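Input: a single structure, listed below in C-alpha cells.
The values are calculated or read from the model by the stated rules, or taken from the named source; none is laboratory data. Keep in mind it's a predicted model, so treat the numbers as computed, not measured. When we count neighbours, we look across all protein chains shown, and the Cβ atoms used for this are built from the backbone with ideal geometry, even at glycine.
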Amino acid sequence: MAAEKRSFEAEVSRLLEIVAHSLYSERDVFLRELISNGSDACDRLRYLALTQPELINGDATFRITLTADADARTLTVADTGIGMSRDELIDNLGTIARSGTSAFVKNLSGDQRKDVALIGQFGVGFYSAFMVADKVEVLSRKAGEETAHLWVSDGKGDYTVDAATKESRGTAVTLHLKEDAAEFADPARLRAVVKRHSDHIAVPIVLRDHGNDETINAASALWLRPKSEITAEQYREFYHHVGHAFDEPWLTLHNRAEGTLEYTSLLFVPSAKPFDLFDPERKHQVKLYVKRVFVTDDCQPLLPAYLRFLKGIVDSEDLPLNVSREMLQANPMLTRMRTQIAKRVLGELAKKAKDAPGEYATFWDNFGAVLKEGLYEDREQRDELLTLARFRSTAGDDLVSLAEYVARMKPGQKAIYTISGDTPERVARSPQLEGFRARGVEVLLLTDPVDEFWLPALGTYKNTPFKSATRGGADLDGLAAEAKDKAEPPKTDTATGSLIALMKLSLGDAVKDVRISSHLTDSAVCLVADEGDLDMRLERLLRQHQKLDQASKRILEINPKHPLIARLADLAGKEGAAIALGDFAWVLLDQARILEGEQLPDPSAFARRLSDLLAKGLAA
Ligand code: ADP
Ligand code: MG
C-alpha cells in the first residue's frame, strides 16, 4: 500500500516556509526542542506505566539516543517514550495545536527579518527541525501498540504517513541535514549543544558514536541539585523546556520545603506575557511530580488561579505515586501546599517590589491584572496582595501603591478616590476629575475589568474607604482648593436655582436630579452616580456582559462658572424662558452622556436640537 499523502494545515505551511529559510543564528535550538519532546514523551509514559505496567513490557529504560552519521549527513533523535499513533502524528505534526505557535503565525508580518526574529520569541517546537533539515522522518510506535508509522516531509506543503515497522516503542526523528548544517552530524558539536541547552533533562541523553554509547547530560532532575551548583543558564534552559517558553525568566524561585509537608518547587515568573493569560479557563501549567515522577501538568488545585502566570514544577514527597486526577481535586495536602506556595511567591514578589521597583513595575504591567483576582478570591493573602498592588494615578506617570496614596492624602480627605475606564489616557480626561485636580487630590485610574470586582468586594484599605470619583456627594467641598479661584465651594444664587428648576422640569424622568457640581472646574456638565447607586462604569460593564439590563438614573451636575451655564442662568430668570431652555437642557444632558462614554438614547434628536441651537446662534 502506498503512503498516504496529506497537506499541512495552511498555517503550518506558512510557518515552515519561514523556518526553512531562516538564517536564525541560534538554529542549534532545534536539538533542544527535539530532546524536550523526547523527555516529555518519557515522562508521560512513566506515569501511565504506574497503573498500566504492560505499556512498558518489562523495559523501563527511559532515554534519548542521538545517532549521527556524518557520511549520510543524518542525525537521529530517538526516545523510548510514549510514541504517537497514526492519528497523533497527523494531529501533532500536521496542524498547529500549540497556542504559542498559533500566536507566532498571527504575528507574522511578511518581512523575513522581523519574522525570523519572532522565532526566538515564540519558538516553533518540533518544526524547528526544518531549520537544519530539508527532509524529516518521524518513525513512531505508540506504547502498547504493535504497528508503527512513518511520517515523512520535506517541509514544503505536504507530508506522507505510512504503516511501518519499529522494533521497540517510542519515536525516532531522523533529520536529513542541509548542506550548511553538516556540523550537527559531528559528535563533538552535539555534545556541546546538549551541554548548553539540555543538560537539565532528567532522562539520560546518550550519544551513540561508532557503536559506543556515552551519556552526555547530567541526567538528574535539576530541581534536586543544590542551588549553588545550578547556573543561571541552566535555570533558563530548564524554564524553556518545562514552560514551553522562549523568553527569559523574570524571577526564578527554587525552594525545598521540609517539615509537615515535603516538596521541592522550582517556579518561574516569565518576563513576557503569555498569549493565553486571559483564557477563560484560567488554568496554570505548573507540572506536578511525585518523587521525581511526572504526574500531570493539569493539577489545578496546586496553585490559585491568580498565580497562573507561573511556570515550572512542584515535586511532592508526600503524595502517593498512584494518585488519580479525582484524588487530586480535593486533596487536603494539596490545599496546604497551595497556601504555602502562594505565600512564598507573594513574599518574593514583595521583596522585588521593594528592592527593584523599576523591574517590579514591568512585572506589574504584565501580570498585575491577574494578581488582582486574588484580592477577592483569596482572603488569606488579601493583605499581602494589597501591598503588592500598583496603580496609575492622576499624580503622574509612576505606579503608586496604596500605602503611598494614603501617605499623600490631603488634610481632610477621607477616601481613596478611583475612577475607571478602558485606558488610563481616556480616564484621565474625565470631566469628573476636574474638581479633584483643582484641589490637588489624587485619583487612581483603574482600567482592568477585574477592578470592578475586587473594589466593591473590599470596600476599604486599612479602614480608608475606596470611593468612585464619578459618584456624587459633596465631600469634595470639605477639601481646601489649591487654586482658590477655581474651586470655591459652589453657591446657589437665585438665577442658578431657577435654571436648575427649569432643567429638572424639561428633563423630567431622564435624570435623577440636577445640581451644582463640586466636580467641575472647566467643563459645563457631567454625570455622576448617586451616593447609594451602582458605579456608572461598573454598571456599563455589567450591561455589556448582559448581567444587567436596566440603566440607573444619573445626576446631571452643572458648573455655574462655565460661561454657557452662567448665561443660561441669566435667561432662566426671564419670562417665558422654559420653552427656550428645554432644548439646551437636553443638549447638555446628551453632552454629559457622550463625555461619559454612554450611548445616546436618541442621537437624531440630539443632532436636530444641536443644529437648531447653532442656527439660532448664527441668526442672532
Ligand atoms: P510542544 O512540545 O510545545 O507541545 P512541539 O511542536 O514540540 O510542541 O510538539 C508538538 C506535539 O507533538 C507535542 O505536544 C507532542 O504531543 C507531539 N510530539 C512531538 N514529539 C514527540 C515525541 N518525541 N514523542 C511523542 N510525542 C511527540
Ligand atoms: Mg516541544
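Hey, can you tell me all the residues within segment 369-384 that are buried (at least 18 other Cβ atoms within 10 Å of the Cβ) and either more than 19 Å from A356 (Cβ to Cβ) or in the same structural domain as R426 (by TED's automatic domain parsing) (or both)?
Result: A369, V370, K372, E373, G374, L375, D378, Q381.
Whether any residue in segment 182-189 is surrounded by 15 or more Cβ atoms within 10 Å (Cβ to Cβ) and assigned to a strand (DSSP E or B) is what I want to check.
no
Can you tell me how many residues in segment 1-52 are assigned to a helix (DSSP H, G or I), among the hydroxyl-bearing types (S, T, Y) and without any contact (Cβ under 8 Å) to a residue 60 or more places away in the chain?
Taking segment 1-52 and keeping what is assigned to a helix (DSSP H, G or I), we get 10-21, 29-51.
If we keep only those that are among the hydroxyl-bearing types (S, T, Y) too, we end up with 13, 36, 39, 47, 51.
This time we only want the ones that are without any contact (Cβ under 8 Å) to a residue 60 or more places away in the chain, so: none.
Within segment 1-52, residues that are assigned to a helix (DSSP H, G or I), among the hydroxyl-bearing types (S, T, Y) and without any contact (Cβ under 8 Å) to a residue 60 or more places away in the chain number 0.
Of all residues in segment 106-144 being under 26 Å from the mean Cα position of the chain (by Cα) and within 13 Å of ligand 1 (Cβ to nearest atom), which is surrounded by the fewest Cβ atoms within 10 Å (Cβ to Cβ)?
Ranking the candidates gives F126 first.
Quick one: which of F238, F268, F246 is more than 16 Å from ligand 2 (Cβ to nearest atom) and crowded, with 20+ Cβ neighbours inside 10 Å?
Only one candidate qualifies: F268.
Would you say A78 is within 16 Å of ligand 2 (Cβ to nearest atom), under 18 Å from L190 (Cα atoms) and either free of Cβ contacts under 8 Å to residues at least 24 places away in the same chain or surrounded by 17 or more Cβ atoms within 10 Å (Cβ to Cβ) (or both)?
Values: within 16 Å of ligand 2 (Cβ to nearest atom): yes; under 18 Å from L190 (Cα atoms): yes; either free of Cβ contacts under 8 Å to residues at least 24 places away in the same chain or surrounded by 17 or more Cβ atoms within 10 Å (Cβ to Cβ) (or both): yes.
For A78, the condition - within 16 Å of ligand 2 (Cβ to nearest atom), under 18 Å from L190 (Cα atoms) and either free of Cβ contacts under 8 Å to residues at least 24 places away in the same chain or surrounded by 17 or more Cβ atoms within 10 Å (Cβ to Cβ) (or both) - is met.
Considering each of L505, L613, L556, L595 in turn, give the residue that is surrounded by 19 or more Cβ atoms within 10 Å (Cβ to Cβ) and touching a residue at least 12 places away in the same chain (Cβ under 8 Å). Spell out how you get there, then give the answer.
Values: L505 fails: surrounded by 19 or more Cβ atoms within 10 Å (Cβ to Cβ); L613 fails: surrounded by 19 or more Cβ atoms within 10 Å (Cβ to Cβ); L595 fails: surrounded by 19 or more Cβ atoms within 10 Å (Cβ to Cβ).
The conditions single out L556.
It is to be established whether one or more residues within segment 300-312 are surrounded by fewer than 18 Cβ atoms within 10 Å (Cβ to Cβ) and free of Cβ contacts under 8 Å to residues at least 40 places away in the same chain. Let's see the steps before the verdict.
Step one: filter segment 300-312 for residues surrounded by fewer than 18 Cβ atoms within 10 Å (Cβ to Cβ), giving 301, 305.
Still in the list and also free of Cβ contacts under 8 Å to residues at least 40 places away in the same chain: 301.
Checked against the condition, which is being surrounded by fewer than 18 Cβ atoms within 10 Å (Cβ to Cβ) and free of Cβ contacts under 8 Å to residues at least 40 places away in the same chain, segment 300-312 yields at least one hit.
Please enumerate the residues belonging to segment 57-85 that are under 37 Å from the mean Cα position of the chain (by Cα) and part of a loop (DSSP other than H, G, I, E, B).
F62, R63, T80, G81, I82, G83, M84, S85
Of the residues V443, V400, which single one is modelled with pLDDT of 95 or more and crowded, with 22+ Cβ neighbours inside 10 Å? Even if it seems obvious, please write down each step before you answer.
Details: V400 fails: crowded, with 22+ Cβ neighbours inside 10 Å.
Every option except V443 fails the conditions.
Output yes when any residue across segment 453-464 is touching a residue at least 12 places away in the same chain (Cβ under 8 Å) and assigned to a strand (DSSP E or B), and no when none is.
yes
Would you check if N92 is within 16 Å of ligand 2 (Cβ to nearest atom), assigned by TED's automatic domain parsing to the domain that holds I205, assigned to a helix (DSSP H, G or I) and free of Cβ contacts under 8 Å to residues at least 40 places away in the same chain? Steps first, please.
Numbers: within 16 Å of ligand 2 (Cβ to nearest atom): yes; assigned by TED's automatic domain parsing to the domain that holds I205: yes; assigned to a helix (DSSP H, G or I): yes; free of Cβ contacts under 8 Å to residues at least 40 places away in the same chain: yes.
Here the answer is yes, as N92 does meet what is asked.
How many of the residues making up segment 234-251 are more than 16 Å from ligand 1 (Cβ to nearest atom) and within 25 Å of the chain's Cα centre (by Cα)? Quick ask: steps written out before the conclusion?
Here is the first cut: in segment 234-251, the residues more than 16 Å from ligand 1 (Cβ to nearest atom) are 234-236, 248-251.
Narrowing further to those that are within 25 Å of the chain's Cα centre (by Cα): 235-236, 248-251.
Total satisfying the criteria: 6.
Pairs under 6 Å by beta carbon, first residue within 16 Å of ligand 2 (Cβ to nearest atom) in segment 168-190, partner in a helix (DSSP H, G or I), six or more apart or different chains?
The qualifying pairs are V173/L34; L175/A129.
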